[in-house]
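Structure record follows, encoded as structure tokens.
The values are calculated or read from the model by the stated rules, or taken from the named source; none is laboratory data. Here the structure is a predicted model, which means the values were calculated and not measured. Here the Cβ positions follow ideal geometry from the backbone for every residue, glycine too, while neighbour counts run over all protein chains shown. In case anyone asks, the SASA skips ligands and DNA or RNA and just uses the protein heavy atoms, side chains included. Shrake-Rupley method; radii C 1.70, N 1.55, O 1.52, S 1.80 Å.
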Amino acid sequence: MWVSVVLVALLEVASHTVAKPRNDFTRYPSWNTKMYPIWKDGDPRYKESWKGGKVSFNVGNDSPTLTGAKVTFTIDLEFPHIQRVQPNGEVVWAEDGTVNGTKYHASELVYPTQNTEWEAVFPDGIPVKTDKKPNYVFVWKAWGQYWQVADGPSSSLTIDTDGIPLGSYTMDVVIYHYRSKEKFIPLGYASNQFSITDQIPFAVSLDQVNDIVAGDMHFIQNRAIAFTITLHDPSEYLSNADITFNWDFGDESGALITRELTVTHTYISSGSFKPQVVIQAVIPDKACDPPVGTPTKAPGPPTDQGITDANRPMTLISMVVFAKRDADHKPSDDDCVIYRYGSFCTDIEVFEGIEKVEIVQMDTAVMATPKMDKNVLDITVTCQGSLPKEVCSVILDAECLRPIHTACNMVEPSKECQLVLHHFFSDSGVYCINVSMANDVSLAVTSAKFSVNMGSSVSPSGTIIMLWGVLLLVLAVGIVAYSYKCFKSYHCLKEGVVSRGPQLSQAHSCSGASIIWKLLNRQGAVDNCPLLQEKLV
């Protein structure tokens with residue numbers, strides 16, 4: 001199990017806030033106020049600017065932005081809960097209802113399509129280059145400049161930062177909605193903070209297998225830690241850069257210079273450490289790019305062949321353009337690259353942990369219980385490193401997927417790490433067991449597969465029951481044999497004179513049930529059905 005902690009270097013989360021109205025949006029001299037009216041804060045017309053409630057704005061950006069890269073701003077319009085946005089960007093009523101005395105129906109457009117037979121233009125009069133008349137117009141403003149975008153309820157703007165001084169800035173935006181021919185209604189204003197830096201923005205994550213608490217910056221010695229760098233480059237400004245990472249893990253193990261985004265390091269001793277990394281990016285300078293679309297001469301043969309510049313043929317090569325430069329003015333490598341840097345460091349604690357857990361012995365025995373016999377599995381477990389405080393064992397099915405039984409117990413302090421775990425089984429089969437040991441800073445696990453065969457041994461209680469069964473069977477056979485002999489070989493003599501005395505009742509007692517009962521209760525060899533009775537024949 002991998003757990004991670006993410007540390008951010010010069011990387012702020014892009015702000016996504018519900019913007020508040022602003023009244024400092026500059027109206028440019030060429031602004032068409034008839035088509036795009038300007039309303040001040042507190043104007044009562046804002047309350048009626050949208051049917052069904054107020055529209056809010058969620059504005060964000062992907063800064064911090066490395067100078068020379070591009071920054072992107074986004075805006076999403078959030079409509080009243082009784083309305084929803086269709087896939088095509090149209091806003092409809094979510095259900096039937098009434099607003100200000102006017103009934104509406106579900107899926108009906110909040111603002112039906114108006115006359116589109118007119119040329120849409122932006123506030124400054126520039127035509128809107130789109131096949132479809134825009135429902136919304138966004139006017140963004142920063143650094144005394146403005147950008148106009150015609151779009152749906154979600155929109156974005158991407159601009160260059162070349163030549164912009166480093167620092168934090170505010171981007172303002174005003175949102176208009178199309179209502180009728182040559183008429184847009186302002187829905188409100190919003191603003192968003194962003195920053196431009198010369199430090200490479202990036203994030204670093206530290207990961208270690210079986211880390212107990214993510215984010216506490218506590219790690220285990222003799223176990224690899226993965227250091228992963230994530231560059232923040234949404235505009236891919238660094239896509240063609242040569243980027244190197246210089247790592248120092250703070251344990252006097254030396255420097256590691258690499259171009260890989262992920263490296264691993266193992267601390268072999270416990271203590272406090274300060275790992276750090278310095279990033280260097282060598283970026284091709286766009287100022288050195290040849291001008292696009294300018295025909296130039298292709299390189300000619302060597303001058304020793306007698307061909308001069310005057311008669312050297314001109315060749316145009318498709319997607320490739322050669323810049324024409326004098327030899328004396330050829331820029332050096334340093335003139336055509338830009339160096340950018342970034343750095344990161346943090347403090348971590350390394351502890352001795354439970355380094356290894358092993359199952360060294362598994363014994364089975366039989367335990368007799370009042371209801372049924374159970375097989376007892378004794379598992380002897382050892383560990384190395386620091387001592388555990390808790391041990392957990394999980395019994396799973398034969399595929400090691402479905403947990404059957406889980407048990408966790410606190411471990412008493414001891415000098416040696418050796419435990420015996422007991423598990424009881426009432427059914428035969430193949431099982432898996434996972435054993436984990438944990439303390440405040442580490443976790444170690446091991447697993448094994450075993451089988452339980454309830455028929456492999458007979459318990460003492462089972463032996464006793466089996467002996468009783470044999471004895472009862474012998475006794476029953478003896479009783480049947482004796483009864484057969486009694487009735488077959490002997491016949492009770494009867495008097496010639498009819499009698500109703502005790503002799504008759506004694507003769508009747510010579511029955512199978514009576515024989516069994518008296519045989520079981522006799523104390524001597526007494527014949528209760530004598531061959532001769534005391535009567536004269």
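General remarks:
- Annotation: amide H-H contacts under 5 Å for G188 (H modelled 1.01 Å from N, sequence separation of 5 or more, or interchain): I175.
- Fully extended contour minus Cα-Cα distance, from D96 to N409, at 0.36 nm per residue: 106.7 nm
- Shape call, segment 118-251: gyration tensor on alpha carbons, a/c limit 1.5: prolate
- Computed FRET value (nearest 0.05) for E182 with S239, which takes r as the C-beta separation and R₀ as 45 Å: 0.55
- Using a simple spin-label model with pseudo-atoms 7 Å out from Cα toward Cβ, E48 and D198 lie 5.5 nm apart.
- H423 sits with roughly 10 Å² accessible to a 1.4 Å probe, with DNA, RNA and ligands left out of the calculation.
- Values of log10 I(q)/I(0) for segment 174-278 across q = 0.16, 0.24 Å⁻¹ run -0.84, -1.34, by the Debye formula with one identical scatterer at each alpha carbon and no solvent.
- Relative contact order [Cα under 8 Å, 6+ residues apart], segment 61-130, whole percent: 16
- Relative contact order computed over segment 147-297 (Cα-Cα under 8 Å; 6+ residues apart), in percent: 17
- In segment 191-291, the trypsin sites (Lys or Arg not before Pro) that fall in loop regions by DSSP, at most 16 other Cβ within 10 Å: R259
- Among the chymotrypsin sites (Phe, Trp or Tyr not before Pro) within segment 94-182, those in coil by DSSP and having at most 13 neighbouring Cβ atoms inside 10 Å are W118, W143.
- Förster radius 56 Å - calculated FRET efficiency between E117 and D41 (Cβ-Cβ, nearest 0.05): 0.95
- Nearest-0.05 FRET efficiency for Q86 and V213, computed from C-beta distance (R0 45 Å): 0.45
- Phi-based couplings in Hz for segment 80-92 (Karplus 6.51, -1.76, 1.60; Gly and Pro marked x): x, 5, 8, 10, 9, 9, 6, x, 7, x, 6, 9, 10
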